[in-house]
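Every number in this text was worked out from the coordinates using simple rules, so none of it is lab data. A quick note: this is a predicted structure, and the numbers were derived from the prediction, not measured. Ideal geometry is used to build each Cβ from the backbone, glycine not excepted, and the neighbour counts take in all protein chains shown.
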Amino acid sequence: MLKVGISVEVYGVKPKIFTKEWWPYYWDYYKFHTIAVIFVLIIIISTVNECKNQTNYDLTLDVITENYISQDTMDALLNTVCENVEDVTGNEKVEAYINYIDMNENGDPQYLQAMHTKMTFEASYTDAFVFLMSKKYADYMSENEIFEPTSKWTDKESYNGYVIDLTNCQTLQNIGIDTSDLYLGIISIRESDKKSKTEENLYKQKNGIKFAKFLLNEE
């Protein structure tokens, strides 16, 4: 499982905790750490609540990139997903969801920390099975063996054994997505899932593979 941590250092002479002198000392030296922790906790709580209350989607896709993607482009991508996957939840309609995680490197450090935490949560606990991401995060997640080996689901040449380079993906380019730094990965079924959840996720993973093959012109 991926791990996220924030280190705290001690500066100067530390007053006795919770005394009148301690609060100004704490705020002077640790206010940014505190703000970062609070921000990360808000993102985690928000994500957990979304997962608890969300629709049971036939496929959830995560987009993790430093490149800005407009809402119109995201809507076009969602339509493309829905047109190329199946109803695996049995409600007689195809429903998909796209989770856009903006990793703009010019953003606020606390915001990026929160987005990194959200990415970790998405990879470890949700039923998102298709990840479109920049090389930086493709490398990071591949090193942590989050993805299914590409040899299990495609004959296309793999970038590192776990993700496929989408530089030449015309389908995504046609709807306005910059593919110059974009990679595709399929999440593995997690051993921690309950048996009933594992069976459901197998169908969702197959849907993810179906959509991935569509992007790769294999279907």
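The alpha carbons of segment 96-190 occupy a box of 40, 33, 26 Å along the principal axes, longest dimension given first. Spin-label model, L41 to E200: label points 7 Å out along the Cα-to-beta-carbon direction sit 3.0 nm apart.
Of K31/K135; K156/K204; K93/K213, which ones are farther than 27 Å apart at the Cα?
Too far apart for the 27 Å limit: K31/K135.
The residues D181, D58, when put in order of fewest to most other Cβ atoms within 10 Å, stand as D181, D58.
Here N104 and E157 are evaluated by their C-beta separation; at R0 = 25 Å the FRET efficiency comes out at 0.25. The per residue volume of the convex hull around the alpha-carbon atoms of segment 56-215 is 110 Å³. Computed with the Debye formula from one identical point scatterer per Cα of segment 141-210, without solvent, the log10 of I(q)/I(0) at q = 0.20, 0.25, 0.27, 0.29 Å⁻¹ comes to -0.90, -1.13, -1.20, -1.26. Taking label points 7 Å from Cα along the Cα-to-Cβ direction, N174 and E86 give a separation of 2.3 nm.
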